[in-house]
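Working notes, structure below.
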Amino acid sequence: MPELKLVSKNFEYDDQPDIKSAMSRGAYQQWKRVLSEKIPPEDIIEEVKTAKLRGQGGAGFPAGVKWGFVPKDSPKPKYLCVNADEGEPGTFKDRALLEKDPHQLLEGIAITCYAVGIHTAFIYMRGEFYEPQRIVQDAIDQAKKEGLLGENISGSGFNLEVIIHMGAGAYICGEETALLNSLEGGKGWPRLKPPFPALVGAFNCPTVINNVETISGVPHILRMGGEEFAKIGTEKDGGTKLFGVSGHAAKPGLYELPMGTSLKELIYDHAGGVRDGKGLKAVIPGGSSTPILKPDELDIPLEFEAMMDAGTMLGSGAAVVLDETVSIPQVFMVMSRFYAHESCGQCTPCREGCTWVYKTAKKIAEGNGQPSDLDLILDIAPMFNGTTVCPLGAALAAPAVAMVEKFRDEFLKLMKN
Amino acid sequence: MPEIIINDQQIEVPEGTNLILAARKLGIDIPHFCYHPGLSVAGSCRMCQVEIEQNGRKRIDLACTNPAQDGMTVKTDSPEVKGIVKAVLEFLLLNHPTDCPICDDAGECKLQDYYMLHGLYDNRLNVDKWHKPKVHRAGPNVMLDAERCVLCGRCVRFCDEIWGEKQLGIFGHGSDEVLMNYPGKDLDNPYSGNVVDLCPVGALLDRDFHFQRRSWYLKSVKSICPSCSRGCNTYIHFDTDHDYKSAGKRIMRLKPRYNVDVNRWWICDRGRYGYSSIDNPNRALTPLIAGGETGWEQALTKSETLIRSSLKKPGPDGLALLMAPNATNEDVYLALRLFRDTVKFANLGYDIPSMEKLAADNILLTDDPYPNRRGFKDLGFGSISNTSEAAEIIEAIFAGQIKGLVVCGTNLEGMLGNQIDNLIAKLDWLIVLDTHKSSLMDKASVALPLALPAEREGTFTNVKGLVQKFEKAVEPTGQSLPLWEVLQRLGKRLNAKWSFEETHTVFKSLAEDKPEYDTLNWLATFGVNKGLYLDSW
């Protein structure tokens, strides 16, 4: 399928962060229409449900359904948290959305808040995002000046404050409840669910948490109508998704494609295959937390269910291309080091399991491993998959099993006997 | 009330009861580290996973976070659950130093117990173990071995939630995580010792118990803390069989005993570490006459003579008894029967102004350092004519109106300072009964050594009026005796018409006179463990 640009439509214009230029290309039109036509909030939620917009952060939970869980008559304030803590190795789509089209995000925030009845929105931004923070803060200030955010927006009586909160660099703070703890000033430890954030979230108030890309898609749903948006994608996954290709691809970069485009097409037709005419060894399809695929496994539609069926995950849509020169045991060691380091340490299986796997992987990569170490990894990985507070354990366990099972020969070659 | 089935046994539990508590009601122990009924639910150790079948769907979930709901079927022993419990245990033990032979907690350690019950796997560790601070002073009473810590966070939550100040925290992330003091904070809250009880392993340890005794040598009796008027329920842990290193020290430590009406799971450090006064070189060991050691017979004969002589002159109006409210109800009862009803002293006082007002808080500590003021009040301590206050009696002595004085456990020296000699000079005689040596005992006409609560049985009535029994842990030090027994012997000499052989017959007689106190079944343990909860978590 050819590229279909919705959220990345205006990435090519350098002046897009400037509100005047952005508005000349249609920014805030839907927001203005919502206010002037006084569209009932329920209608917007219904439209987003119809559009089959799914959470683009990795879990793929339908956005409209999530918004619907927030109690309408809560006596407490409600909050929106935009998850801009993009930390998944391989992923770089949110950064582009923040830097290249901040007004699209702000318009999405405004419409979402209006639909759910929220007057304070937080953008929880990864600590390293200095540049995006500057650009988005600029955009917020401009939008306030134009009367599109702030108090009594366009005389509608609707107030909306948008606040950027910078994280401190922990991967786990991208997990929605760890994000909430961090936002509140606490240690980034995931919370037990239930209660879900839609009922008890930031500061114990009902809270919607969505990824940058999810929220950025909202204005397009209103522009096109939910049904049209849904038609772009597959039966369950509406619209497009930004796929980031990195690694040894000939043309690495961001590609916005309709949901359901095949992974093979993304790698070969859009990203130009493997660079320098080398052979392909493997693809990590959706960020480092997703199980690795061999070259003969790439003919899968990029949608949440189909990827699950194929034993991997769509994740954040960040495909990492690994050519034939790559050592998988090395990749495995680096990856498990990441998860061992980023495990928050709250619950036992992930805290101990990730480090155990990393230390074993290191031993193997350094040539000191034994075949029994591979069996040990296959044995212990399921022990911290699904037994933990949050999915971080699973994010190492599943890829670890896939790598060891699919590339066992390569691991064995590193062993002395 | 929801009805559920756990391992094929049906049970009905109150709304909101979680599965750990529900299972415990059936005598099924769901293994857990981070869960404690007195603290918020953390759900972080992941040990208590069970299989829950509800509305036709099966899931593996935590027992601590799931309240029992009607129609739930829970399995704690399915192969999958057993596998997970074993896996979590293996993770917890992975980096544990397994230095059980030198760990004070050995024998009372959840890791040990659970390994024997649910683990029993072969070690698969193929990499180095971590190293963390091994000997760290967490506070004045508690030391930390961070290597042994399983990071359950109970101690952290105790400081946050019960005491209300962050003094401990879990720092770092991943497996480098370590339990440590909050920067600049000492674990010095007045309840700090409770973190040692909460710690499921040997990470947090009593500094006074460190390397003192293997836990399996300890014997235990149920007791009541005498350190303030709250009447917290305790266990006295003692060992009289292994005297090889503690030079006569018999009482090894005190532990809280669960009582929902009084202290729940906690006791304060003042009470917990106050036992050093028991096996103390300063204890009064023998009766004294004018400062010279003697036997009970001689001392009691002397006392009898003094009292009898004064009954004629100056007569009962010129005689007084001062008793500190740390005597038991049985002591009070016999003191009244002797001094009020038999020899009819006109001046009986107990309302000693506290030397030391404690810093009360809204957790347990009261401001009254005496354990039985309420019992004195309830039993109507005082003479027939009037209830005298201690201060009035002392004034009357200085005024020359009182010539004979019996003092029980009162810190008169502390009260009067260097006036004490002037007071003694005003008296014809002074009889002192006390647990510890003092210059007052040396100066007294007769001094009689008393046993401490740990060395006898008896009852105290706490600040809220709850009558609670404590048991005897060890024999009285030296020749000391329980106060009621001294009063019994003295009473016999002074022609009292009553006679008691044992503490519980004193209490029985007391309860006949005072029906409100008849709630106590002496033979049963009381300060009862009620309802669902047991002591050990």
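A few remarks follow.
- Each of B:Leu94, A:Leu4 has some number of other Cβ atoms within 10 Å of its Cβ, and from fewest to most they run A:Leu4, B:Leu94.
- Label-to-label distance for B:Ile363 and B:Asp421 is 4.5 nm, based on points extended 7 Å past Cα in the beta-carbon direction.
- Fewest-first sequence of B:Asp61, B:Asp434 by Cβ atoms within 10 Å of each Cβ: B:Asp61, B:Asp434
- DSSP-assigned coil residues among GluC sites (Glu not before Pro) in the range B:480-516, each with at most 13 further Cβ atoms within 10 Å: B:Glu501, B:Glu502
- Gyration tensor verdict on the range B:212-330 (Cα atoms; rounded if a/c is under 1.5, prolate if a/b is larger than b/c, oblate otherwise): oblate
- The range B:288-517: antiparallel DSSP beta bridges as a percent of all, rounded to 5: 30 percent
- Cα gyration tensor shape for the range A:328-412, rounded if a/c is under 1.5, else prolate or oblate: prolate
- Per-residue [θ]222 nm for chain A (sum of -39500 (n - 2.57) over DSSP H runs n ≥ 4, rounded to 500): -12000 deg cm²/dmol
- For chain A: rounded, prolate or oblate by the Cα gyration tensor [a/c cutoff 1.5]: prolate
- Among the chymotrypsin sites (Phe, Trp or Tyr not before Pro) within the range B:80-122, those in coil by DSSP and having at most 12 neighbouring Cβ atoms inside 10 Å are B:Tyr121.
- Other protein chain Cβ atoms within 10 Å, averaged over every residue that makes up B:120-128: 3
- Summing Lys and Arg as +1 and Asp and Glu as -1 over all other residues whose Cβ lies under 14 Å from the Cβ of A:Thr388 gives a net charge of 0.
- Each of A:Lys145, A:Lys32, B:Lys219, A:Lys78 was scored by other Cβ atoms within 10 Å of its Cβ. Arranged with the fewest first, they read A:Lys145, B:Lys219, A:Lys32, A:Lys78.
- Dividing the summed -39500 (n - 2.57) terms of all DSSP H runs of n ≥ 4 by the residue count of chain B sets its mean residue ellipticity at 222 nm at -6000 deg cm²/dmol.
- Over chain A, relative contact order from alpha-carbon pairs under 8 Å, at least 6 apart, %: 17 percent
- Förster radius 51 Å - calculated FRET efficiency between A:Glu227 and B:Ser536 (Cβ-Cβ, nearest 0.05): 0.25
- Among beta bridges from DSSP that stay inside chain B, the antiparallel ones total about 70%.
- Peptide A:339-346 is shielded by partner chain Cβ atoms: per residue, an average of 5 of them sit within 10 Å of its Cβ.
- Within 10 Å of each Cβ in B:498-504, the average number of Cβ atoms from other chains: 0
- Computed with the Debye formula from one identical point scatterer per Cα of the protein assembly as shown, without solvent, the log10 of I(q)/I(0) at q = 0.05, 0.07, 0.08 Å⁻¹ comes to -0.45, -0.73, -0.85.
- Among beta bridges identified by DSSP and lying wholly in the range A:19-232, the antiparallel ones come to about 10 percent.
- Efficiency of FRET from Cβ geometry, B:Lys25 and B:Glu475, R₀ 35 Å, rounded to 0.05: 0.35
- Between A:Asp14 and A:Asp299, the C-beta separation translates, for a Förster distance of 56 Å, into a calculated FRET efficiency of about 0.90.
Read-outs: derived from the displayed coordinates by stated rules, not from any lab. Just so it is clear, the structure is predicted and the values come from calculations on it, not from any experiment. All Cβ positions, even for glycine, are placed from backbone atoms using ideal geometry, and neighbour counts span all protein chains on display.
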